[in-house]
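Structure first, commentary second.
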Amino acid sequence: MSEPKRLLPVRDDSIHCVLCHDAPCSKACAQCDPGRILRALRFDNIEIAADLLPEDYDPSWMAEAEAVCPTGVKIGDVLEKLKHKKQRLEGTAGAGKVDLACDLCGVKLENPFLLSSSVVASNYEMCAQAFEMGWAGAAFKTVSMMEMHEASPRFSAVRAPVGDWYGFKNIEQLSTYSVEENLEFFRRLKKDYPTKVIVASIMGRNEQEWEYLARAVTEAGADVIECNFSCPNMEAQGTGSDIGQDPDAVRRFTQAVRRGSSIPVLAKMTPNITDITVPAIAAVEGGADGIAAINTIKSITGVNLDTMTAQPSVHGQSMIGGYSGRAVKPIALRMISQLGQCERLQGSHISAMGGIVTWRDSVEFLMLGAQSLQVTTAVMEYGYRIIDDLISGLQVFMAQRNYRSIKEISRSGLENLVENDRLERDTIVFPSFDREKCIGCGRCYISCRDGGHQAISFDAETRKVTLHGSRCVGCQLCSLVCPVRAIRQTRRVSPRK
């Protein structure tokens, strides 16, 4: 029997970095900033990480940095691997010259990234800090004339194996500040940060409140109004997602907002609906200039088996709440693409959100129709500092592919999204096995046997797999389950008759 190969992790030790604030490793290293490099790697920004690594890097520099790392990350090994990859990367040439300026319904944005309406944009100090760090604007936590009383605790999370959130649930409601307090935040922010964009999220219980709030936030200096037709956590009947599921109410309340203001209006849509385009069209018919989507998805993240209470538990009780984060991104992308392809919404701005963590997520939303981007959950988990990698990663991407503006990226992927009956089904992409990388685990064999087409055999003695082309349908399940990525796709061919 052949000697088994040692399993090497697909992702290096940087995944175990906890992304410390005021990173001890950086303070301990005089030659470079390992904390910032590790953060760039974590957020899929390998070119920037390589650019931050000095040409004369020596692993011995990391001895003191590793000694103070709270989780024992082998920083020297991580950066040594990065050094070897550095020459093979495309690099960051020209990235600094890329202009990310775009607009939100005609209002200029320095870059496409805004804080979305939530706790991360709930007072002057928070938004001021975010603006200083590079965010182009903020959709303020929803202003209403209702008195809010929040529950405690009000968050729960589904974690990935490495500890990061995969999904996040909140049962939070609207701003706990009074209308006048929020208006004063707007005035101060507009005075101190005139180039930043203030999006005033508002919610009323009737047409009079919607019109009044629209007029009030406009007079206080808001650049854009966002109508919250989508919060899933509201107690009051006829508010939040109740509105977003009723096209007539969406149209009527949008008209009321339009009567109260002449600045651009976004209608924020709920994903808790069969067809998101129906209320979106109603909003545009009512006078909205654009659509914001998606808000959170109604969910239960789990149940404590001892107390039999869903999470988060508030005095032994819980409620259905809003789900966000990485887990909702596929649903958000689908809904953004539907909005982008809808003929009756052509010309309407789309401000997208729902699982944006890295620059790559941002590009995907842009390609499917977004023109601006909003973020909350990733900020709650990692802080405002993620803007560094969102901006630099997007700039590198655009420089490498010769994009000259955000507008060139927006909608560029929609033409490749077709209906079921137009999808080509006459050719096959077979898998190809890299024998050097293969560790003989048999995962591909098990999945193909039990969940595929029994096209892979496994020799228990040699621990080698064999593909039987006559049975393979090219589903690529095997490549998805391979833990070391030893299976790749080959060129597309016509199957034998």
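Throughout, read-outs are computed from the coordinates displayed, never taken from laboratory work. Treat the numbers as computed from the prediction; the structure is a model and nothing was measured. When we count neighbours, we look across all protein chains shown, and the Cβ atoms used for this are built from the backbone with ideal geometry, even at glycine.
Mind giving me the FRET efficiency for Asn420 and Met319? R0 is 35 Å, r the Cβ-Cβ distance, nearest 0.05 is fine. Intermediate results must be reported in sequence, preceding the final value.
On the way: r = 37 Å, r/R0 = 1.06.
For R0 = 35 Å, the calculated efficiency reads 0.40.
Enumerate the calculated ³J(HN,Hα) couplings along the range 163-172 in order (Karplus 6.51 cos²θ - 1.76 cosθ + 1.60, θ = phi - 60°), each rounded to whole Hz, writing x wherever the residue is Gly or Pro.
x, 5, 5, 9, x, 9, 10, 10, 10, 6
Grab the beta carbon distance between Met133 and Val303, set R0 = 35 Å, and tell me the FRET efficiency rounded to 0.05.
0.40
Compute the long axis of helix 179-192 from its Cα atoms, compare it with the longest principal axis of the Cα atoms of the chain, and write down the angle in degrees, 0 to 90, nearest 10.
Taking the Cα atoms of the chain, the angle to 179-192 is about 70 degrees.
Give me the net charge of Ala151's neighbourhood, meaning all other residues with Cβ under 13 Å from the Cβ of Ala151; Lys, Arg count +1, Asp, Glu -1.
Values: positive: Arg154, Lys169; negative: Glu150, Glu172, Glu235.
In short, -1.
Any idea what angle helix 75-86 forms with the longest principal axis of the chain, computed on alpha-carbon atoms, 0 to 90 degrees, nearest 10?
Tilt relative to the chain: about 80 degrees.
Please list, in chain and number order, the residues 5+ apart from Ala267 or on another chain whose amide H is under 5 Å from its amide H, with Hs placed from the backbone.
Cys227, Gly290, Ile291, Ala292
Name all residues of the range 11-30 having a backbone nitrogen under 20 Å from the label point set 7 Å from the Cα of Ala67 along its Cα→Cβ direction, giving them as ranges.
Counting backbone N atoms under 20 Å from the label point, the list is 23-30.
I need the peptides 408-420, 58-70, 255-267, 122-134 ranked by packing, meaning the mean over residues of other C-beta atoms within 10 angstrom, with the highest value on top. Mind dumping the intermediate values first?
Values: 408-420: 13.7, 58-70: 16.0, 255-267: 21.5, 122-134: 17.5.
Output ranking for 408-420, 58-70, 255-267, 122-134: 255-267, 122-134, 58-70, 408-420.
Given H placed on each backbone N at 1.01 Å, which residues far from Leu104 in sequence or on other chains put an amide H within less than 5 Å of it?
It is Leu109, by chain and number.
Tabulate in residue order the Karplus-calculated ³J(HN,Hα) for the range 293-307, using 6.51 cos²θ - 1.76 cosθ + 1.60 with θ = phi - 60°, rounded to whole Hz; enter x for Gly and Pro.
6, 10, 7, 6, 9, 4, 7, 10, 7, x, 10, 5, 6, 7, 9
Around Cys25, with a cut-off of 12 angstrom between Cβ atoms, what is the net charge of the other residues, counting Lys and Arg +1 and Asp and Glu -1?
0
Looking at the chain, what % of its DSSP beta bridges pair antiparallel, to the nearest 5?
50
Among Met335, Cys438, Asn206, which residue has its Cα positioned farthest towards the positive end of the charge dipole of the chain, with +1 placed on the Cβ of Lys and Arg, -1 on the Cβ of Asp and Glu, and the dipole taken about the Cα centre?
It is Cys438, whose Cα lies furthest towards the positive end.
Do any of Lys268/Lys329; Lys27/Lys81; Lys141/Lys196; Lys108/Lys190; Lys437/Lys464; Lys97/Lys407 go past 20 Å between their Cα atoms, and which?
Values: Lys268/Lys329 17 Å; Lys27/Lys81 22 Å; Lys141/Lys196 16 Å; Lys108/Lys190 14 Å; Lys437/Lys464 12 Å; Lys97/Lys407 17 Å.
Pairs exceeding 20 Å: Lys27/Lys81.
How tilted is helix 329-341 with respect to the longest principal axis of the chain? Cα atoms for both, answer in degrees (0 to 90, nearest 10).
60
With the Cα gyration tensor of the range 61-198 giving a ≥ b ≥ c as the square roots of its eigenvalues, does the rule (a/c under 1.5 for rounded; else a/b larger than b/c for prolate; else oblate) give rounded, prolate or oblate?
Working: a/c = 2.63, a/b = 1.48, b/c = 1.78.
Taking the square roots of the gyration eigenvalues as a ≥ b ≥ c, the range 61-198 is oblate.
Show the residues, 5+ positions off or on another chain, whose built amide H is closer than 5 Å to the amide H of Arg205.
The list, which skips near neighbours in sequence, is Trp210.
Under the Karplus relation 6.51 cos²θ - 1.76 cosθ + 1.60, θ = phi - 60°, what is the ordered set of whole-Hz ³J(HN,Hα) values for the range 374-387, x standing for Gly and Pro?
Going residue by residue, I get 10, 9, 10, 4, 5, 5, 4, 7, 10, x, 4, 4, 5, 4 Hz, with x marking Gly and Pro.
Between Ala30 and Asn402, what is the FRET efficiency for a Förster distance of 51 Å, r being their Cβ-Cβ separation, to the nearest 0.05?
It comes out at approximately 0.85.
Before rounding to the nearest 500, sum -39500 (n - 2.57) across all DSSP H runs of length at least 4 in the chain and divide by the residue total; then give [θ] at 222 nm in deg cm²/dmol. List each step's numbers first, then the result.
Values: 18 runs with 163 residues, N = 497.
Value at 222 nm, helices only, nearest 500: -9500 deg cm²/dmol.
Could you give the dipole magnitude of the chain about its Cα centre, charging the beta-carbon of Lys and Arg +1 and that of Asp and Glu -1, in debye to the nearest 20?
1760
For every other residue with a beta carbon closer than 15 angstrom to the beta carbon of Phe458, add +1 if it is Lys or Arg and -1 if Asp or Glu, then tell me the sum.
+3
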